1. Can you tell me how much longer the chain between residue 227 and residue 186 gets when fully stretched, taken as 0.36 nm per residue apart minus their C-alpha distance, in nm with one decimal?
2. Just check region 83-122 against the gyration tensor rule for me: Cα atoms, a ≥ b ≥ c as the square roots of the eigenvalues, rounded for a/c under 1.5, and otherwise prolate or oblate depending on whether a/b exceeds b/c.
3. Please work out whether region 71-172 counts as rounded, prolate or oblate from its C-alpha gyration tensor, where a ≥ b ≥ c are the square roots of the eigenvalues and a/c under 1.5 means rounded, while otherwise a/b larger than b/c means prolate and anything else oblate?
4. What relative contact order, as a whole-number percentage, does region 89-225 give when Cα pairs under 8 Å and 6 or more residues apart are counted?
5. Restricting to Cα pairs below 8 Å that are 6+ residues apart, what does the relative contact order work out to for region 183-281? Please round to a whole percent.
6. Full extension from residue 111 to residue 60: what is 0.36 nm times the residue separation minus their Cα-Cα distance, to one decimal in nm?
7. Using a Förster radius of 25 Å, what is the FRET efficiency between residue 215 and residue 284 based on their Cβ-Cβ separation? Nearest 0.05, please.
8. Sorted from fewest to most neighbouring beta carbons within 10 Å, what does the list 328, 164 look like?
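Every number here is computed from the coordinates shown, using simple stated rules; none is lab data. Bear in mind that the values here come from a model prediction, so they are computed numbers and not experimental data. For neighbour counting, all protein chains shown are included, and Cβ atoms are generated from backbone atoms with ideal geometry for every residue, glycine included.
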Ligand code: AQP
């Protein structure tokens, strides 16, 4: 019998393997992905090409990419229900990335907060990739025609730029790309550093007491939460006031995200108990949330054959399932379209016959430095 069920909406997101996944990566991104596999057709990738904007030891990058894949699965991303893949294994990301680079404006890229932050942090390596990162990210997204892109608050600006670029392209050449929506979680959208609650908890930050990673030992997590910065309020009052009590607000957001409790419920729970009771309670809740993930990820990491199969299947499934056909963006609507702005009929200089086996150009992405090899042992 013919399947008449309406097609599921598509979700897509990725994380760059620039360091160990943090509590922020989990609460701001992966946790929300894992909760939506039944409802959506989901694509999640390891953004190893984006990781090249910082200097990497190739072996470490390969190891982190695989660890990230294992952690995705351990966090609940069932590879049967989600397409999990490594970005560099799907060359179309780079191909469309170049095309979209040419439709992304210098001024737009200059305004990206993340570019400004990262350039300030890495003043000795402000490379072109760091600047044009959002154009590749636009390609990562638009390639799969997603309806939603689940991201933390910090990446919302990039998704908005993706929308602008897609709209610009569509206006010029006709409806080619679906315009995606950012999907930002209500709690956990911006997990802050435990020692500096005005700064986001990041993977590539110095390993220190302000950052908690998914694979961390329970005793280390507890120590970090007990030392977390709160404020000088003499009553040690647990109240949600991000402006005046950013440290407490951050801990409350983390607690809310891992327990599902609301802020008023948390205030009531710790009413009169002070920070001495509150901080270890948050630590324990985080430990218990991360414990099964850590144990499962450790098991998966030992099974290299399984990981290898996941990588292969992901690379095969990703480009063909829902992705936009390359002929659509290269031919720019094929036989010539009405240019809506000028009224001139245009034929793309990149146009090729989609039936021809000859491709506009081939891009072999097997440069050995970063290509995938099992070199974990
Ligand atoms: N602290 C955070 N709170 C909430 N969400 C977060 N995300 C990252 N950190 C937090 C979300 O996780 C995804 C990770 O995206 P990414 O690794 O590609 O980029 P990023 O935002 O630059 O992450 P980091 O950890 O800060 O990495 P580095 O240090 O390498 O730059 C995104 O959805 C992000 O919003």
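1. Values: separation 41, 0.36 × 41 = 14.76 nm, distance 2.62 nm.
Separation in residues times 0.36 nm, less the Cα-Cα distance, equals 12.1 nm.
2. On the way: a/c = 3.26, a/b = 1.50, b/c = 2.18.
Oblate, because a/c is 1.5 or more while a/b does not exceed b/c.
3. On the way: a/c = 1.77, a/b = 1.28, b/c = 1.38.
Since a/c reaches 1.5 but b/c is at least a/b, the shape of region 71-172 is classed as oblate.
4. Numbers: 151 pairs, mean separation 27.4, N = 137.
Taking the mean separation of contacting Cα pairs over the length of region 89-225, I get 20 percent.
5. On the way: 113 pairs, mean separation 26.8, N = 99.
About 27 percent, as a whole number.
6. On the way: separation 51, 0.36 × 51 = 18.36 nm, distance 3.14 nm.
Length difference between fully extended and current span is 15.2 nm.
7. Numbers: r = 18 Å, r/R0 = 0.71.
According to the calculation, E is roughly 0.90.
8. 164, 328
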